[in-house]
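Some notes on the structure that comes next.
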Amino acid sequence: QKEVEQNSGPLSVPEGAIASLNCTYSDRVSQSFFWYRQYSGKSPELIMSIYSNGDKEDGRFTAQLNKASQYVSLLIRDSQPSDSATYLCAVNNAGNMLTFGGGTRLMVKP
Amino acid sequence: GAVVSQHPSRVICKSGTSVKIECRSLDFQATTMFWYRQFPKKSLMLMATSNEGSKATYEQGVEKDKFLINHASLTLSTLTVTSAHPEDSSFYICSASTVSGNTIYFGEGSWLTVV
């Protein structure tokens with residue numbers, strides 16, 4: 001069974017701090033990795049995608065991928081209350097099918 | 001960027017009736033679309049994979065005769081919940097894959113309430 005694991009949280013950080021979200025996956029042949037943000041009652045919104053080992057930065061967001069250790073993480077710098085949401089890690093294994101983690105709920109406190 | 005539109009965003013139907021949800025890729029062709037269901041405070045659960053011009057592939061435990069999926073064109077897939085029951089009340093979300101398959105975009109989701 002292909003699995004994607006995330007800590008459900010909630011992860012609570014103060015405003016302005018760095019939020020670190022982690023995700024592990026079980027399928028070693030996974031090639032594409034995604035972070036989605038989902039506000040309550042809304043559809044997931046693509047935040048970052050990463051395909052190769054290392055870091056990928058986009059504004060306040062940095063995705064990190066380590067295929068040897070089978071983990072992918074998302075760092076949010078200068079966290080804002082508006083970043084409070086559930087963050088879903090997704091792995092694309094084959095046939096464009098995404099396997100989602102259970103999501104980590106992030107709370108940024110003013 | 002690519003946009004996936006889902007309609008209706010909210011629908012209330014009576015128990016025993018059927019309701020159709022549409023998913024459209026607005027500025028790209030989507031050979032594959034996916035339908036998910038999400039219960040409150042739970043993660044997304046894949047229901048089925050819809051390929052243009054062929055029958056949908058359903059995940060284990062999803063009744064294909066109850067959740068009818070049609071993917072008649074490269075920009076439109078529909079999910080019909082037949083003989084709806086209150087336990088079918090949920091948030092239904094579609095997603096579409098670009099032809100390259102590198103990125104998957106989600107529709108806005110449809111809240112279904114069966115009364």
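Looking at A:Met97, is it within 14 Å of B:Phe106 (Cα to Cα) and open to solvent by 50 Å² or more (accessible area, probe 1.4 Å)? Answer is yes for this residue. Taking region A:83-94 as the range and being under 19 Å from A:Gln38 (Cβ atoms), within 14 Å of chain B (Cβ to nearest Cβ) and open to solvent by 30 Å² or more (accessible area, probe 1.4 Å) as the test, only A:Thr86 passes. Test A:Thr62 against the criterion of being more than 14 Å from every other protein chain (Cβ to nearest Cβ) and farther than 29 Å from B:Ala48 by Cβ, and give yes or no. Taking the combined requirement at face value, the residue satisfies it. For region B:37-53, how many residues are aromatic (Phe, Trp, Tyr) and either under 13 Å from B:Asn70 (Cβ atoms) or in contact with a Gly (Cβ under 9 Å, 6 or more places away or on another chain) (or both)? Residues flagged as aromatic (Phe, Trp, Tyr) and either under 13 Å from B:Asn70 (Cβ atoms) or in contact with a Gly (Cβ under 9 Å, 6 or more places away or on another chain) (or both) within region B:37-53 amount to 0.
Taking each residue of region A:56-82 that is closer than 20 Å to A:Gly103 by Cβ and surrounded by fewer than 16 Cβ atoms within 10 Å (Cβ to Cβ) and looking for partners that are of a type in the set (Lys, Arg) and modelled with pLDDT of 95 or more with beta-carbon atoms closer than 9 Å, six or more apart or interchain, yields A:Arg60/A:Arg77; A:Gln80/A:Arg60; A:Pro81/A:Lys109.
Among the criteria (1) at the interface with chain A (Cβ under 10 Å from one of its Cβ atoms); (2) under 18 Å from B:Thr31 (Cα atoms); (3) within 13 Å of the chain's Cα centre (by Cα), the one B:His71 does not fulfil is (1).
A quick yes/no check of all residues on (1) more than 14 Å from chain B (Cβ to nearest Cβ); (2) not charged (D, E, K, R):
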{"residue": "A:Val4", "(1), (2)": "no, yes"}
{"residue": "A:Gly9", "(1), (2)": "no, yes"}
{"residue": "A:Ala19", "(1), (2)": "yes, yes"}
{"residue": "A:Ser26", "(1), (2)": "yes, yes"}
{"residue": "A:Phe34", "(1), (2)": "no, yes"}
{"residue": "A:Gln38", "(1), (2)": "no, yes"}
{"residue": "A:Ser52", "(1), (2)": "no, yes"}
{"residue": "A:Asp58", "(1), (2)": "no, no"}
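The set of residues from region A:45-55 being touching a Leu at 6+ places or on another chain (Cβ under 9 Å) and either open to solvent by 80 Å² or more (accessible area, probe 1.4 Å) or not polar (S, T, N, Q) (or both) comprises A:Ile47, A:Met48, A:Ile50, A:Tyr51, A:Asn53, A:Gly54, A:Asp55.
Mind checking which residues of region B:74-115 are among the charged types (D, E, K, R) and either more than 9 Å from every other protein chain (Cβ to nearest Cβ) or without any contact (Cβ under 8 Å) to a residue 12 or more places away in the chain (or both)? Reasoning before the result, please.
First pass over region B:74-115, keeping only residues among the charged types (D, E, K, R): B:87-88, B:108.
Within region B:74-115, B:Glu87, B:Asp88 meet the criteria.
Which residues, counting only those in region B:19-49, are under 11 Å from B:Leu79 (Cβ atoms) and small (Gly, Ala, Ser)? Scanning region B:19-49 gives a single hit, B:Ala48.
So that you can scan it fast, the table gives a plain yes or no per residue for (1) within 24 Å of A:Ile47 (Cα to Cα); (2) open to solvent by 80 Å² or more (accessible area, probe 1.4 Å); (3) among the basic types (Lys, Arg):
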{"residue": "B:Arg37", "(1), (2), (3)": "yes, no, yes"}
{"residue": "B:Ala72", "(1), (2), (3)": "no, no, no"}
{"residue": "B:Ser77", "(1), (2), (3)": "no, no, no"}
{"residue": "B:His85", "(1), (2), (3)": "no, no, no"}
{"residue": "B:Ser97", "(1), (2), (3)": "yes, no, no"}
{"residue": "B:Ser110", "(1), (2), (3)": "yes, no, no"}
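To keep it simple, each residue is scored yes or no on (1) in a loop (DSSP other than H, G, I, E, B); (2) within 12 Å of the chain's Cα centre (by Cα); (3) at pLDDT below 95; (4) more than 12 Å from chain A (Cβ to nearest Cβ).
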position	(1), (2), (3), (4)
B:Ile12	no, no, no, yes
B:Thr17	yes, no, no, yes
B:Lys20	no, yes, no, yes
B:Cys23	no, yes, no, no
B:Gln29	yes, no, yes, yes
B:Met33	no, yes, yes, no
B:Lys42	yes, no, yes, no
B:Thr49	no, yes, yes, no
B:Gly53	yes, no, yes, yes
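Please tell me if B:Thr57 is hydroxyl-bearing (Ser, Thr, Tyr) and open to solvent by less than 60 Å² (accessible area, probe 1.4 Å).
Working: hydroxyl-bearing (Ser, Thr, Tyr): yes; open to solvent by less than 60 Å² (accessible area, probe 1.4 Å): no.
So B:Thr57 fails the test.
The values are calculated or read from the model by the stated rules, or taken from the named source; none is laboratory data. Bear in mind the structure is a predicted one, so any value in this text is a computation, not a measurement. Quick reminder, even Gly has a Cβ in these numbers, built from the backbone with ideal geometry, and neighbours come from all protein chains shown. Accessible surface areas use protein heavy atoms only, side chains included; no ligands, DNA or RNA. Shrake-Rupley method; radii C 1.70, N 1.55, O 1.52, S 1.80 Å.
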